[in-house]
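Reading through the structure tokens given below for one structure.
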Amino acid sequence: MPDNKVNVFIAFSPADTALKDELEEHLTILQRQGVINVWHNQKIEAGQDFGEIQAQALQNAQIILLLISSDFLASDNAYENEVLKALERHKQGQARVIPVILRDCIWKTGALGQLAPLPQGAIPVTEWDNP
């Protein structure tokens with residue numbers, strides 16, 4: 001039986017783990033219903049090749065959520081291994097990249113500035129009364 005689930009890749013900074021965990025909790029119902037598979041680098045097990053597993057997960061993703069904060073944008077590793085590759089897949093129509101603004105930061109001036117972010121209006125999640 002073919003797997004018709006949408007593969008969701010979540011890229012985030014370790015500084016934003018709590019916010020990623022909260023998002024993943026909200027997505028649990030869609031996972032339980034068999035609609036999506038969620039992947040992030042904390043799913044890599046001891047002894048696995050980090051770079052290879054991450055690259056494969058990114059290649060298999062139909063939706064790529066970039067959890068945007070100053071910590072995420074400051075990471076050369078995230079930029080080179082996740083953002084650039086995600087944007088290339090987006091440009092080729094192979095995946096949809098969605099920046100999710102977690103904390104206020106300068107994100108519009110970079111490569112991500114061309115994409116419409118969530119939440120609507122680009123108001124950072126941490127500034128909402130009820131994130």
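The values are calculated or read from the model by the stated rules, or taken from the named source; none is laboratory data. Keep in mind it's a predicted model, so treat the numbers as computed, not measured. Heads up, the Cβs are rebuilt from the backbone with ideal geometry, glycines too, and the neighbour counts pull from every protein chain shown. The protein model used for the area step is the full one, side chains on, heavy atoms only, and it has no ligands, DNA or RNA in it. Shrake-Rupley method; radii C 1.70, N 1.55, O 1.52, S 1.80 Å.
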Fill in: Flag if Asn4 is open to solvent by 90 Å² or more (accessible area, probe 1.4 Å), among the polar types (S, T, N, Q) and outside any helix (DSSP H, G or I)
yes
Response to the item:
When region 7-33 is checked residue by residue, the ones that are exposed (fewer than 14 other Cβ atoms within 10 Å of the Cβ) and among the hydrophobic types (A, V, I, L, M, F, W, C) are Ala18, Ile29
Fill in: Every residue from region 37-81 that is open to solvent by less than 60 Å² (accessible area, probe 1.4 Å) and aromatic (Phe, Trp, Tyr)
Trp39, Phe72
Item to complete: Looking only at region 97-122, count how many residues are part of a loop (DSSP other than H, G, I, E, B) and over 15 Å from the mean Cα position of the chain (by Cα).
Response: 6
Worksheet, complete the sentence: Per the filter on region 39-81, residues of a type in the set (A, V, I, L, M, F, W, C) and in contact with a strand residue (DSSP E or B) (Cβ under 8 Å, 6 or more places away or on another chain) are Trp39, Ala57, Leu58, Ala61, Ile63, Ile64, Leu65, Leu66, Leu67, Ile68, Phe72, Ala78
Discussion item. Tell me the residue from Glu82, Glu52 that is among the acidic types (Asp, Glu) and in contact with a Leu (Cβ under 7 Å, 6 or more places away or on another chain), please.
Written reply: Glu82
